[in-house]
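The structure appears right after this line, and notes come after that.
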């Protein structure tokens, strides 16, 4: 038996292409004492994956020759640990591969649910990132205006739906008329402006007649610069990511920083979902409530096959996806 | 009797020069009912004065033809209000002029103290800005490392001395070896690095072996960009001003924003001293305590004569001052 892996053949200098990856066959890994052999079921595809190739972030950098890193949901095939049994479903900081071994103590046992994909989307990294960033960093209140970029993306769609459930006016920013229409009609945002059109400032100002109180930023760059100019005094900016900056050799920051923060006393704060793990139970309970009562629609964008992971990530960086993108590697036997 | 005023003859496009100002004689103003006639004693010279010429900020923009705006300490010469009596000392949002009228309810009566200049420096706008920004926004703790830019300036010097009083390691950033030496030897900072020398990143890293927990930013631009790269996880950046950006037609933001905020979960927050007016009593009591026990040295840089106000502001933007700069317009009769 062999084990397919996708390695980073070469680190990108500019934009990421499929040539930066290579599919290879490796020997089947053998779990050591205390380890488990895992079969990958689903791999989360995130903009952050690309930022890992730019250097050390909140984790070590991904280097040329490494099997590409990911967050996965896997099934335990062999267990050399008392902690886990064959057939258990776990989440792991893992790699793009059919099979992988991990120390049992380093993976997290998951509940057996009807749809494993929900543990990556609404009840997983996407929903939890949206919840913690909006609630704990953005701190919105009913009646306030919340703007979110990458509104059709994995996190942005949940941010807007949560903000609507809280009674806010919600305006999305997305790329192209089709996505903008989907964000309003399917996800229920009050409005969505197309950043690819000219006049983002005017369009956003028209949709935010009372200014912006909370901006949930997934993109950085010039879109952040534009929203800064519309923030109300004491506004909050939850910095979740900067997808506009990852796939580039020359990142550029908004020109109006830090001036805009001083003039309007803004708070801009970065966060990572793992920082709020101690509040995950609260997040899941709230998300389950909103899904159950129809205030949150679960949006998933599933690409089939390990071999398509490079194209899935490249497409995500170009904004192809609607909802939480993931790759299905192995069948879900549940 | 005539009244000297300094008007903004022309708004600067690039750097501010004395040609942008003009001294003129105006008629003596007459206080209306409810107003007071004030004689200017001291005018605060602040980097923010220059930012007011770039457009509306937290106050209306200063326009060509306006008498230049300032924060002043004045003596009441004529009172048409029950609120104030002749001889009272007040603080006012005022202008560069010998005499001015204001509604009595718009000015603030001050205590009669030995040194009126202290009401602009350590117990005034400079000390209160340092206190509120460091304590309420930066939230430093003993043992943490605090970095402050414009360390020899009006606010920066107090920030560092307060942080030392709280038990922090304090590193300043200032321009030129003479100022850096003064910051360490006179103000008692642990170290001060010269941003005019090459290798700011390496020099700052060497002086902050445990990274930076709080950065009090007075300058923005490339110095902010450099400090961002050295911030510890969960670090706080108190955004007080961006003096590097005010005297320019083309402001530039740090290239590593918002990426650095996300990766290290930083909080960056703008503030203005007036936001914390409800806590001014606490600030003054703490500052008086530290001055009395020798932990804070009062630093003042007083320029004589209304006619020298333009040069005083231009010099401040170039970093000429050590300590809180102000212009003495009239004699202090107390």
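The values are calculated or read from the model by the stated rules, or taken from the named source; none is laboratory data. Everything numeric here is computed off the predicted structure, so don't read it as measured data. As a convention, Cβ positions derive from the backbone with ideal geometry for all residues, glycine included, and neighbour counts pool all protein chains shown.
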(message) Given the options A:152, A:126, A:163, A:130, name the one that is crowded, with 24+ Cβ neighbours inside 10 Å, in contact with a helix residue (DSSP H, G or I) (Cβ under 8 Å, 6 or more places away or on another chain) and in a loop (DSSP other than H, G, I, E, B).
(response) A:152
(request) For residue A:147, indicate whether it is under 19 Å from residue A:323 (Cβ atoms), touching a residue at least 40 places away in the same chain (Cβ under 8 Å) and surrounded by 19 or more Cβ atoms within 10 Å (Cβ to Cβ). (result) no
(request) Among what's in segment B:213-261 and is on the phi > 0 side of the Ramachandran plot and more than 7 Å from chain A (Cβ to nearest Cβ), pick the residue that is surrounded by the fewest Cβ atoms within 10 Å (Cβ to Cβ). (result) B:234
(request) Go through the residues of segment B:298-311 one by one and say whether even a single one is assigned to a helix (DSSP H, G or I), free of Cβ contacts under 8 Å to residues at least 60 places away in the same chain and in contact with a strand residue (DSSP E or B) (Cβ under 7 Å, 6 or more places away or on another chain). (result) yes
(request) Would you confirm whether any residue within segment B:238-261 is touching a strand residue (DSSP E or B) at 6+ places or on another chain (Cβ under 7 Å), modelled with pLDDT of 95 or more and over 18 Å from residue A:253 (Cβ atoms)? (result) yes
(request) Residue by residue through segment B:246-261, note down the ones that are in contact with a helix residue (DSSP H, G or I) (Cβ under 6 Å, 6 or more places away or on another chain) and either part of a strand (DSSP E or B) or over 25 Å from residue A:243 (Cβ atoms) (or both). (result) B:246, B:247
(request) Report yes if some residue within segment A:39-55 is more than 14 Å from chain B (Cβ to nearest Cβ), farther than 21 Å from residue B:258 by Cβ, in contact (Cβ under 8 Å) with a residue 60 or more places away in the chain and over 22 Å from the mean Cα position of the chain (by Cα); otherwise report no. (result) yes
(request) Please state which of the following conditions residue A:65 fails to meet, knowing it meets all the rest: (1) away from every other protein chain (no Cβ under 14 Å); (2) in a loop (DSSP other than H, G, I, E, B); (3) touching a helix residue (DSSP H, G or I) at 6+ places or on another chain (Cβ under 6 Å). (result) (3)
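Residue under question is residue A:52, and the condition is that it be crowded, with 22+ Cβ neighbours inside 10 Å, assigned by TED's automatic domain parsing to the domain that holds residue A:23 and over 24 Å from residue A:118 (Cβ atoms); does it hold? Quick ask: steps written out before the conclusion?
On the way: crowded, with 22+ Cβ neighbours inside 10 Å: yes; assigned by TED's automatic domain parsing to the domain that holds residue A:23: yes; over 24 Å from residue A:118 (Cβ atoms): yes.
The answer is yes for residue A:52.
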(request) Quick one: which residue in A:31, A:111, A:103, A:12 is out of contact with any strand residue (DSSP E or B) (no Cβ under 9 Å at 6 or more places or on another chain) and either under 29 Å from residue A:156 (Cα atoms) or surrounded by 14 or more Cβ atoms within 10 Å (Cβ to Cβ) (or both)? (result) A:12
(request) Of the conditions (1) free of Cβ contacts under 8 Å to residues at least 60 places away in the same chain; (2) within 14 Å of another protein chain (Cβ to nearest Cβ), residue B:205 clears all except one; give me its number. (result) (2)
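Residue under question is residue A:158, and the condition is that it be more than 23 Å from residue A:256 (Cβ to Cβ), surrounded by 24 or more Cβ atoms within 10 Å (Cβ to Cβ) and either modelled with pLDDT of 95 or more or over 22 Å from the mean Cα position of the chain (by Cα) (or both); does it hold?
yes
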(request) Among the residues of segment A:92-112, count how many are in contact with a helix residue (DSSP H, G or I) (Cβ under 8 Å, 6 or more places away or on another chain), touching a residue at least 60 places away in the same chain (Cβ under 8 Å) and assigned to a loop (DSSP other than H, G, I, E, B). (result) 2
(request) Out of the residues in segment B:1-17 that are at pLDDT 90 or above and under 22 Å from the mean Cα position of the chain (by Cα), state the one that is farthest from residue B:37 (Cα to Cα). (result) B:15
(message) So, in segment A:79-91, how many residues would count as being surrounded by fewer than 14 Cβ atoms within 10 Å (Cβ to Cβ) and out of contact with any helix residue (DSSP H, G or I) (no Cβ under 9 Å at 6 or more places or on another chain)?
(response) 3
(message) Taking the conditions exactly as written (in the same structural domain as residue B:270 (by TED's automatic domain parsing), in contact with a helix residue (DSSP H, G or I) (Cβ under 9 Å, 6 or more places away or on another chain) and not in a loop (DSSP other than H, G, I, E, B)), does residue B:214 satisfy them or not?
(response) yes
(request) Please state which one of A:42, A:23 is touching a strand residue (DSSP E or B) at 6+ places or on another chain (Cβ under 8 Å), farther than 27 Å from residue A:272 by Cβ, assigned by TED's automatic domain parsing to the domain that holds residue A:98 and surrounded by 13 or more Cβ atoms within 10 Å (Cβ to Cβ). (result) A:23
(request) Answer yes if at least one residue in segment A:317-332 is part of a loop (DSSP other than H, G, I, E, B), at positive phi and in the same structural domain as residue A:222 (by TED's automatic domain parsing), and no otherwise. (result) no
(message) Just the residues that are touching a residue at least 12 places away in the same chain (Cβ under 8 Å), buried (at least 20 other Cβ atoms within 10 Å of the Cβ), within 14 Å of chain A (Cβ to nearest Cβ) and not in a strand (DSSP E or B), please, taken from segment B:262-296.
(response) B:264, B:265, B:266, B:271, B:272, B:273
